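The values are calculated or read from the model by the stated rules, or taken from the named source; none is laboratory data. Keep in mind it's a predicted model, so treat the numbers as computed, not measured. Backbone-built Cβ (ideal geometry, glycine too); neighbour counts: all protein chains shown. The accessibility values were calculated without ligands, DNA or RNA, using every heavy atom of the protein model including side chains. Shrake-Rupley method; radii C 1.70, N 1.55, O 1.52, S 1.80 Å.
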Amino acid sequence: MSGPIEPSQIKPLRRIAMWLLPVVVTLSWLGYVVLAGQWDRVAMHWRSSLTMIFGSFVAGSTPQGGGAVAFPVFTKVLQVPADVARTFSLSIQAVGMVVAALIILLAGRKVDRKAIVTSGLAGMAGFLAALFLIGRPDTPFWAFRISPAYVKVTFTVILAAMAYVVWLALDEGDCGEDEMPRWNPRIWIGVLLSGFAGGIASALTGSGVDVVLFMFIVVLAGLHPRIGVPTSVVAMAFVSSLGFVVLGVVHGQLDVTLLGDQVVAIGGRAITPGPAARYDVFGLWLAAVPIVVWGAPLGTYFIHVLKESRLIAFVAAMAALEVLSTAIFLDELRTNRALLGFAIGGLVVTVAAVGYLNRNRHRIFNIEEAAPA
């Protein structure tokens, strides 16, 4: 496999643009905060900034997205409602992951453009389908007809499956190929279904297209993780931008009216007052913007220079950390037997299914096996 592109190999104008992107966003953020007098609001949400120091790095360096950190921390530790955490995750990824995606493309890092376009469009379709079929647009944060606890567990199960198969690939020393296999009909269907399923997950939790796409193109189709990670980041940037527009702007969830430290209206619609620390999506987003605009691009650089075996181990470890956090912080697992059964059963079935697909991927997806060296 060809080695990473060195900074000296990037054209000067592209290198300048790569640095200008986060600088421009940071200066724009600073100008708004100063002119609008929002320093107190930013300070109020310092926990959001702290969370996204790590979350933005994960967004750029793994196929999990910043929502993979924000969603569990917000819902399990900070007691933020799942639908609020979902909208925050999508909105902040629309900044951090979009900047990271642009830097990936400007740096000329290798991605599978066909997989990005195919999964991105399918992801948008899945995202909108979930919103309108099982969502409740009449609620302030477009809640779902699914228990938040089941949403959290489902997200954890998906990441657990990814951690298992990625670690399996590391154990077998199989780092993957430089190119996707021939795009036969089964590969097309796999990428489309991955994007659509990931879009549904993204509508529920704020992350998903990146995780599910990575599982297919790397674990099942055999693409190298060094190409799979940036490909998944760019695909998730598309869906995050759609979520930002639909939920944050059109639905008005970023239009938050405060009275002291209480949220009293969302999108111009009065709600039962609630603490800003839990319901002020705009404040949470504003406090995290200058963090993610630097953290996500830094994550893309980190993963680009990391050795193959350590790259795979890092991705698996981040997924395993999510599983551990659910076991520790989700109290419903200890009080709701049905939820516990769903978690255990879902984990066993998903890991077994993905493991089976991984072992038989050449036959199932009609992929030619590489000739022995």
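Please name all residue pairs, on different chains or six or more residues apart, with Cβ atoms under 7 Å, provided the first residue is in the range 324-352 and is in a helix (DSSP H, G or I) and the second residue is of a type in the set (Lys, Arg).
Ser325/Lys76; Thr326/Lys152; Phe329/Lys76
Residue by residue, here is whether (1) within 20 Å of the chain's Cα centre (by Cα); (2) part of a helix (DSSP H, G or I); (3) modelled with pLDDT of 85 or more holds:
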residue: Val24; (1), (2), (3): no, yes, yes
residue: Ser48; (1), (2), (3): yes, yes, yes
residue: Gln64; (1), (2), (3): yes, no, no
residue: Arg86; (1), (2), (3): yes, yes, yes
residue: Lys114; (1), (2), (3): yes, yes, yes
residue: Val117; (1), (2), (3): yes, yes, yes
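Could you tell me whether the range 284-292 includes any residue that is free of Cβ contacts under 8 Å to residues at least 60 places away in the same chain and closer than 29 Å to Ala122 by Cα?
If we filter the range 284-292 for residues that are free of Cβ contacts under 8 Å to residues at least 60 places away in the same chain, which is where we start, we get none.
No, the range 284-292 contains no residue that is free of Cβ contacts under 8 Å to residues at least 60 places away in the same chain and closer than 29 Å to Ala122 by Cα.
Of the numbered conditions (1) of a type in the set (D, E, K, R); (2) more than 30 Å from Val263 (Cβ to Cβ); (3) assigned to a helix (DSSP H, G or I), Asp40 satisfies every one except a single condition; which is it?
With respect to (1) of a type in the set (D, E, K, R); (2) more than 30 Å from Val263 (Cβ to Cβ); (3) assigned to a helix (DSSP H, G or I), Asp40 is out only on (2).
Checking Ser207 against (1) under 15 Å from the mean Cα position of the chain (by Cα); (2) part of a helix (DSSP H, G or I); (3) not basic (Lys, Arg): exactly one of these is not met. Which one?
Going through (1) under 15 Å from the mean Cα position of the chain (by Cα); (2) part of a helix (DSSP H, G or I); (3) not basic (Lys, Arg) one by one, Ser207 breaks only (2).
If Ala68 passes every condition in (1) open to solvent by less than 10 Å² (accessible area, probe 1.4 Å); (2) more than 18 Å from Gly208 (Cα to Cα); (3) modelled with pLDDT under 95 but one, which one does it miss?
(2)
Name the single residue that is modelled with the highest pLDDT among those in the range 350-371 being farther than 22 Å from Glu179 by Cβ and in contact with a helix residue (DSSP H, G or I) (Cβ under 7 Å, 6 or more places away or on another chain).
Only one residue tops the list, namely Thr350.
Here's a check for you: in the range 167-179, which residue that is modelled with pLDDT of 65 or more and closer than 13 Å to Val219 by Cβ is most open to solvent (accessible area, probe 1.4 Å)?
Trp167
Which residues, taken from the range 141-156, are assigned to a helix (DSSP H, G or I) and among the aromatic types (Phe, Trp, Tyr)?
Tyr150, Phe155
So which residues in the range 243-298 are crowded, with 24+ Cβ neighbours inside 10 Å and among the polar types (S, T, N, Q)?
If the condition is that a residue be crowded, with 24+ Cβ neighbours inside 10 Å and among the polar types (S, T, N, Q), then Gln253 is the only one that fits.
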